[in-house]
Each structure stands twice: as structure tokens, then as C-alpha cells.
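All of the numbers you see were taken from the coordinates with simple rules; none came from a lab. The model shown is predicted, which means the values in this text are computed figures rather than measured ones. So basically every Cβ, Gly included, is an ideal-geometry build from the backbone, and we count neighbours across all protein chains shown.
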Amino acid sequence: TKKSRSVYVCNSCGAQSPKWSGRCTDCGAWNSIEQGVLPPKTQTRPGGGGYAGAAGNAARADLSAIHRLAEIAPEQEVRTPSGIAELDRVLGGGLVQGSVVLIGGDPGIGKSTLLLQASAAIDANPAFASSKGSVLYVTGEESPQQVSLRAQRLGLEPGGLNLLAETCIEQILATAAAEAPRVLVIDSIQTLFTEALTSAPGSVSQVRETAAQLVRYAKLTDTTVFLVGHVTKEGALAGPRVLEHMVDTVLYFEGESGNAHRLVRAVKNRFGAVNELGVFAMTDRGLRQVLNPSAIFLSRHSEPAPGSVVLVTREGTRPMLVEVQALVDQSPLANPRRLAVGLEQNRLAMLLAVLHRHGGIAMFDQDVFTNVVGGVRVTETAADLAVLFAVLSSFRDKALPVDLAVFGEVGLSGEIRPVPNGPDRLREAAKHGFKQAVVPKANVPKGGIDGLEIRPVLSLREAIDTL
Ligand code: TYD
Ligand code: MG
């Protein structure tokens, strides 16, 4: 008989070692190592390396398994829209057969709600028709009665939606194989366990092994698999690196509890653009799509307010207008505060240095707070110019025109650099009734934009002069 092997797995990075220790040698985390048991080696490593001298390895070289790349006909991925446009957008155009999608986020943010709504939409979509039902929704957290209650609240047409309350992966896969759904939803990966391991559900070894089995199943059967993953208190999915590497697409829910808006961001996508953003609003009847996000993130004031600037940012493939705010105030501290919410803090410090050096405006005795309205996170450098405008506007206590839109990267030598897709951004601004724009010179299209007075700038000084 083959012996099971013990293995020790780090809970924070997933590294394996043969011995227990108090500290992970890979990531340095303390008290993160736990024991797991792997099934006999031959089961976990089918057909490993076959090089000469590998003791006890029965695999023999099979040269017919090698193909010339040029002789392989490329296979287009089969992609079908779910019918929920904002979800399809972050997926890169729809569900891809045989792909595995991880949906992460804080507990209670709306993962189950989104997947139940998506399941109903898929079920109602003839493109996903399947003999025994197109979706199998596996619920490990809620009872079927609770899911049914939720479906009722959401006003969903349950139709042929199949529910399975089960947490044992072997059972789930046996059922899925018999039912052959087109889409398999696992809610959540942290509740699953495999009989091969003794550790508790939710531990890194369990999450990794059950996810690996699901990935294998997806590829073998061309099923689309959705995995729900909770983010832990520390802000990481259990075994994050392991899961993110294993799946094709990783979507994260963003949003604040006090705010109805929910952003679903693609942070990894083998089949589409990353940083693509789907925008939803949580209502009493579930998640509602927000097809025109510019309209909601602009909490437009009826009259001009100092410290507020409208930025045209771009998330994935879509331009979006957001309001950037700044508050600059005399600081009582020796080390004045710099705070950036929804923006990069280090970038703010850098911009203030550029403002001093190349604009001649010093902020070393001022606290500077910046914020993007609506809980949006902006990571692109195109926000630079808007941040500086907001800071200046607050510093001078002078409001900027309400019909002004801004974007542009600020370089360390005070130059204003162009950003991707300038004309797209300008069109979005014009579409929402903006009349003026201050933007990098190279971003201005030849014919201009109808209805928009564009002021191209090359340097920070020029930009400040336009105010
Ligand atoms: P849920 O999808 O259960 O979160 P997750 O699966 O990510 O843990 O989201 C539940 C939250 O959403 C809960 O706080 C209640 C709220 N909610 C609504 O506001 N409206 C609704 O129609 C539903 C179903 C939930
Ligand atoms: Mg849930």
C-alpha cells in the first residue's frame, strides 16, 4: 500500500515544506504553517518528469505527444454573453467555455447576489440551453431555502436553475459530471473540502486542492466555473497567490458599505482587458446595472466649490468622469499630513514636490487631503493634473468652472505628458455637457471636439496659467 505523505503548508503564501516551523521560510509570516496530508504521490503527480534516472518513475517518453506549433490549428475561445452587460464587460465580452472565474470581495458585498442574478440570466438564455439545466449552483454557505428566499426577493424567474447544497468536492464533481451543466457556480470555495486532506475547509491546502480539482473539471468538460472567494480580514483571499495563478480570470468587488455602488474590477483576465470595470448599484431588488457610470460619480454641485475638479479617467475600455476633491489647510504639525483616498499616496507627495519646484507653490506648512468621490479607485497617472488643480483650487479657495474637465500626467520636470486615448476622454466630457478642458497638447485631436473649448498645455506653468 502507498503511504500518505504529510506536508506543511503556509497559510499566507501557500508554500509547502516537509517540516513544521514557526515561521514560513518563503514569505516570513509567523504562525502560518499548518499540516495537510497529500494523497499518495502517484495520484497527485500523474506522469511527472520522465528523464533517465528518475527513480521509480514508470513514465516512458511518448514522442507522438509532441506537436509542431505551426501544425496546430488555433482554436477560438467560445464566448457567450450572459445577458448582464456589466458582468460581460469585465469578463471581456461574455463567459468563455472551460474558463474558471474567481469572484472575490468582502463578506456581504454582493457576490452571491450577483451570481444568483447571473445564473438566472444564463438559465433564461437559449444560448446556454442544456438537457438537464444550464446552471448548477452549489451553495456551501446558505441552505437551499435561504437561496430560494433570496431569489424571490430578487424577483428572479428560477426556471430550470439547479441548486446543490454540498461542500464535499468529490460529491460536487460527481453530481456535476452527471448533470453536465454549462455553468457551475461554487459559493464559496472556502466552504469546500476534499476527502484527501484532513485540514479544515477554508485552509490554504483545502482551498488549493479543491480549486485545482475544479480547474481540471472545467478544462476537461468545457464548463464555465465561477468560484466565490471571501477576502479575509487582512484583505487577502485565503491562499491568494495560489488561487489567482490557477484561474483564468479574477474579479474583485469594490465598494464601501455606506455606499450603494459596487464596482467589479477585472484584476486578471486571460480573455480580456484587465482593470475593466463593471458598475452596479445595490438596491432592495439586488444589483442593478449602471450603464452610464459617469452620471453617478459626478456629484455635481449646482454652484462651483473650491477644491473640486472633474477628471476624465479610463477604466479598462471605457472613459469615465469622476470628481476629484482636495482640502488644503494650514497644518499645526511639524510633518503636515498627506492623505489620498482612492488615489496613490506616494504619487500625491511627488506631485506636491513638482508643484513646488516647477510651479513655485509651496505646501510644506499645509495638510493636504485628496479624495475620489464615490469610492472609485483611480490608479492611472492621467489623474495627476486633476489632483494638482484640485489642490490649487482649495489652496487658493477659488472654485474652478463647473463645466471644466481635466486629465494629464505630470512629469518630474514639470512637463504635462499625454495619456492613452485622449480623444475618447474628450468625447466623454463633451457628451456629459462639459464646455472646457485642460489637457496635454498631444492628446488634442486635429479637428477638435464639437462643443468643447480645449486648452492644450505642455508644462505645469502653462496649466497653472489657464486657471
Ligand atoms: P451577498 O450577495 O449575500 O454578499 P456576499 O455573497 O458577497 O457575502 O450580499 C448581501 C448584502 O446585500 C446584504 O447585506 C443585503 C444586501 N442585499 C440588498 O441590499 N438587496 C438585495 O436584494 C439582496 C439580495 C441583498
Ligand atoms: Mg454569499
### Computed magnitude of the charge dipole of the chain (debye, nearest 20; Cβ of K, R +1, Cβ of D, E -1)
860
### Highest average packing first - 69-75, 172-178, 250-256, Cβ atoms within 10 Å
250-256, 172-178, 69-75
### Query
Rg/Rh for the range 79-291: what does it come to with C-alpha atoms and Rh from Kirkwood?
0.92
### Query
Between the range 428-445 and the range 162-191, what is the C-alpha centre distance in whole Å?
50
#### Entry: Calculated SAXS-style log₁₀ I(q)/I(0) at q = 0.19, 0.24, 0.28 Å⁻¹ - the range 156-227, Debye, Cα scatterers
-0.74, -1.11, -1.40
### Task
Calculate the tail of P(r) for the range 264-374: the fraction of all Cα-Cα distances greater than 18 Å, expressed in %.
63
## Note on the structure
antiparallel share of DSSP beta bridges within the range 79-291, to nearest 5, in %, is 45
## Note on the structure
Quick calc, the range 260-355, dipole around Cα centre from Cβ unit charges on Lys, Arg (+) and Asp, Glu (-), nearest 20 debye, gives 420
### Query
Arranged from highest to lowest average of other beta-carbon atoms within 10 Å per residue, in what order do the peptides 275-284, 198-207 appear?
198-207, 275-284
#### Entry: Partnerless Cys - the chain, beta-carbon criterion under 4.7 Å
C168
### Task
Can you tell me the dipole magnitude for the range 79-291 around its Cα centre, using point charges on the Cβ only (Lys, Arg +1; Asp, Glu -1), in Debye to the nearest 20?
380
### Task
Please state, as a whole number in µm²/s, the translational diffusion coefficient that the Stokes-Einstein equation yields for the range 94-134 at 20 °C and 1.002 mPa s, with Rh defined as the Kirkwood radius across alpha carbon pairs.
181
#### Entry: Gained length - A180 relative to K219, 0.36 nm times residue gap less alpha-carbon distance
12.7 nm
### Task
Arrange the peptides 407-415, 353-361 so that the one whose residues have, on average, the most other Cβ atoms within 10 Å appears first.
407-415, 353-361
### Query
Summing Lys, Arg as +1 and Asp, Glu as -1, what charge do residues with Cβ under 13 Å from the Cβ of P336 carry, P336 excluded?
-1
## Note on the structure
For the chain, the charge dipole (Cβ of Lys, Arg +1; Cβ of Asp, Glu -1; about the Cα centre) points to a positive end, and the Cα of S64, V250, V406 closest to that extreme belongs to S64
## Note on the structure
Residue separation between A70 and D329 times 0.36 nm, minus their alpha-carbon distance, gives in nm 86.8 nm
## Note on the structure
Note on the chain: contact order normalised by length, alpha-carbon pairs under 8 Å, 6 or more apart, percent, works out to 12
### Query
What Kirkwood radius, in Å to one decimal, follows from the Cα pairs of the chain?
25.2
### Message
Could you compute the net charge surrounding G316? Neighbours are other residues with a C-beta less than 14 Å from the C-beta of G316; K and R count +1, D and E count -1.
### Response
-1
### Query
Considering only the other residues whose Cβ falls under 15 Å of the Cβ of E380, what net charge follows from Lys and Arg at +1 and Asp and Glu at -1?
0
## Note on the structure
In terms of the alpha carbon gyration tensor, root eigenvalues a ≥ b ≥ c, rounded if a/c is under 1.5 and otherwise prolate when a/b exceeds b/c or oblate, the range 295-466 is prolate
#### Entry: Unit charges at the beta carbon, dipole of the chain: most positive-side option, P181, H261, F434
P181
